[in-house]
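This report refers to the structure that appears directly beneath it.
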Amino acid sequence: MHNDTIAAIATPPGVGGVGVIRVSGSDAFELVLPLFKRPGNQTELPPSHKLTFGHIIDPDTREILDEVLVAFMHAPHTYTREHVVEIQGHGGPLILRRILRAVLAQGARMANPGEFTMRAFLNGRLDLAQAEAVMDLIESETEAGQRLALQQLRGRLSDQIQQARHAILGVIARIEASIDFPEDDIPTPQPEELRPLIAEAQKLVSVLLAGSDQGRLYRQGVRTAIIGRPNVGKSSLLNAFLRTERAIVTPIAGTTRDTVEEAANLRGVPLHLIDTAGITPTDDPVEQIGVQRSRAAAESADVVLLVFDGSEPLTEQDRLVSAEVQQMGFGVQASNEEGTARKRPVLLVLNKADREQKIDVSELKQLWPDSVFISTSTFSDTGLKQLEDTLTDLILAGRMLYSESVLVTSTRHQEALRRATEQLKASFYSLEQNVPLDFVSIDLRAAYDALGEVTGETASDDLLDKIFSEFCIGK
Ligand SMILES: Nc1nc2c(ncn2[C@@H]2O[C@H](COP(=O)(O)OP(=O)(O)OP(=O)(O)O)[C@@H](O)[C@H]2O)c(=O)[nH]1
Ligand SMILES: [Mg+2]
């Protein structure tokens, strides 16, 4: 039931120059008009989509609550495709709450989180992927993330999903026509006819899936773990990146006991920085957990900054940490021949460059041939800019990020695309095995439905509730 009229404060809580109350539903105009007093006591509905000056009054006491501009907007050219009223008042929280209360007293219902956008979806103005893009757009913290969200909002992802679904439906139609109307002499399609059609659909899906890791990086940031033995300056480096004293720094080895995670924006590249506890053998159970977390952070990282203390000779512990990181598959980007597993990039940081350097660089270079070494000092800021430049280059040149194509940024979409791929593969296999064509058709249907979850055509009510409940109220 979504034709009751809902209302909410649409601007963020707190004080602002202007605050907006949004009302949507078939009775929106009737509910707001009695509260809206205009010069000369006009009572007719103001022109649609125009701002009209007046006052909001308490309908019982006739007390003026605020001086406002109100837009009455006729369905269907509105955010929700319903009648919408937006009241622009002064941006004080108390004023806005009083206006909202007056609107609710007229019979509107308080909107749930995301309910305006949900109505836009239910009324067919946006599909689900576009509705999700609204939230991404609001929340994006980098220009790149914003560009991707806008693309999705404009329907580019949805278009490509529809293309793939259309291709699959074409195959289903051919199979089912021959099953349903055998008397019409529709010839049973041969596997060799169907195979290229399925392959075509598969290609469309796999292009989207291929971009989804990049999409995730844009949305969640490039996971960058700062790894090393204790006391080499990992937390100092995190602070230097963030330009604040986020993590505790002391001369005591073992200062950081838990991972510290922070988002940073490196020239438009979103980073998810993780400072970790120094990796070292220990009997202290708390430290042990910390070290486990450091290892897990490295395991799950897209890039590792491996930090050494340049003012000390290489220690056994440095070598051990180094070997561990290597075993996790970090190293120089392998030349991109087909089939070679690409290594995840590592940057070697020789910190404390302000002191006399005692580290054996040649041994390190043997351990990490062809890797990039950068000397830094968090005291004198030496090398920090170079570190940032190199890290950006590594991320961009490694093509971990690119932004020309449509990128799937949501894990929900990625998961649906994976299922669609699996089902398409299954249909291929069924064709090979010469099983009856209706079985092939079942696999294809499943792929078709999985793709439909992205745009919302086949999404369950539970899923919809879950997605929209993550929105803010008033959106
Ligand atoms: N001389 C010098 N000292 C530094 C530099 N960076 C950090 N330090 C010092 O080294 C000590 C350890 O720094 P932290 O940043 O806490 O090192 P960490 O690697 O996070 O240490 P744990 O959390 O114990 O693993 C502190 O006393 C810092 O002030 C640097 O560039 N030069
Ligand atoms: Mg630390």
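Quick notes
- Peptide packing for 58-67, 293-302, 110-119 was compared via the average number of neighbouring C-beta atoms within 10 Å per residue; ordered from the highest value, the list is 110-119, 293-302, 58-67.
- Of all DSSP beta bridges in the range 222-397, antiparallel share, percent nearest 5: 25 percent
- Computed from the C-beta positions of residue 381 and residue 186, the FRET efficiency with R₀ = 60 Å rounds to 0.20.
- Once the convex hull of all Cα atoms in the range 407-459 is built, its volume per residue stands at 59 Å³.
- Remark: the chain projects, on average over all directions, an area of 31.6 nm² (convex hull of Cα atoms).
- When its C-alpha radius of gyration is set against 2.2 N^0.38 Å (N residues), the range 26-87 gives a value of 1.09.
- Where labels lie 7 Å past Cα in the beta-carbon direction, separation of residue 362 and residue 429 in nm: 5.6 nm
- Paramagnetic label zone (point 7 Å from Cα along Cα-to-C-beta, residue 327; backbone N under 13 Å) in the range 265-294: none
- Within the chain, the whole DSSP H helices whose Cα atoms reach 24 Å or more along their own axis and whose mean Kyte-Doolittle score is at least 0.5 are 191-210, 437-455.
- For the chain, the carbon plus sulfur part of the accessible surface works out to 53%, probe radius 1.4 Å.
- Cα point-scatterer Debye curve for the range 158-301, base-10 log of I(q)/I(0) at q = 0.13, 0.21 Å⁻¹: -0.69, -1.17
- Cα centroid of the range 48-88 to Cα centroid of the range 448-465, whole Å: 35 Å
- Under 5 Å from the amide H of residue 343 lie the amide H atoms of 334, each residue being 5 or more positions distant or on a separate chain, with H modelled from the backbone and absent for Pro and chain starts.
- Volume per residue for the range 222-397 equals 110 cubic angstrom (convex hull of Cα atoms).
- Here residue 49 sits with roughly 90 square angstrom of accessible surface, probe radius 1.4 Å.
- Residues of the range 1-43 with amide N under 16 Å of the 7 Å Cα→Cβ point at residue 109: 1-8, 23-28
- Distances between placed amide hydrogens fall under 5 Å for residue 222 paired with 271, 272, all partners being 5 or more residues away or on another chain.
- When each of the peptides 189-196, 80-87, 382-389 is scored by how many other beta carbons lie within 10 Å of its residues on average, the order from highest to lowest is 80-87, 382-389, 189-196.
- Surface calculation, 1.4 Å probe, protein heavy atoms: residue 53 sits at approximately 90 Å² accessible.
- Average accessible surface for the range 222-397: 48 Å² per residue, computed with a 1.4 Å probe over protein heavy atoms with every protein chain in place.
- When the alpha-carbon atoms of the range 241-307 are used, the pair Rg, Dmax equals 12.8, 42 angstrom.
- Protein-only accessible surface at a 1.4 angstrom probe places the residues 272, 413 in the order 272, 413, largest first.
- Across the protein chains, with a 1.4 Å probe defining accessible surface, the residues 428, 36 rank 428, 36 from largest area downward.
- Among beta bridges that DSSP assigns inside the chain, antiparallel share in %, nearest 5: 60 percent
- Reciprocal mean inverse distance between Cα atoms of the range 113-217 - Kirkwood radius, Å: 16.3 Å
- Nearest-0.05 FRET efficiency for residue 53 and residue 3, computed from C-beta distance (R0 30 Å): 0.50
The values are calculated or read from the model by the stated rules, or taken from the named source; none is laboratory data. Just so it is clear, the structure is predicted and the values come from calculations on it, not from any experiment. Please note: Cβ atoms are built from the backbone with ideal geometry, for glycine as well, and neighbour counts cover all protein chains shown. Heads up: the accessible areas ignore ligands, DNA and RNA and are worked out on the full protein's heavy atoms, side chains in. Shrake-Rupley method; radii C 1.70, N 1.55, O 1.52, S 1.80 Å.
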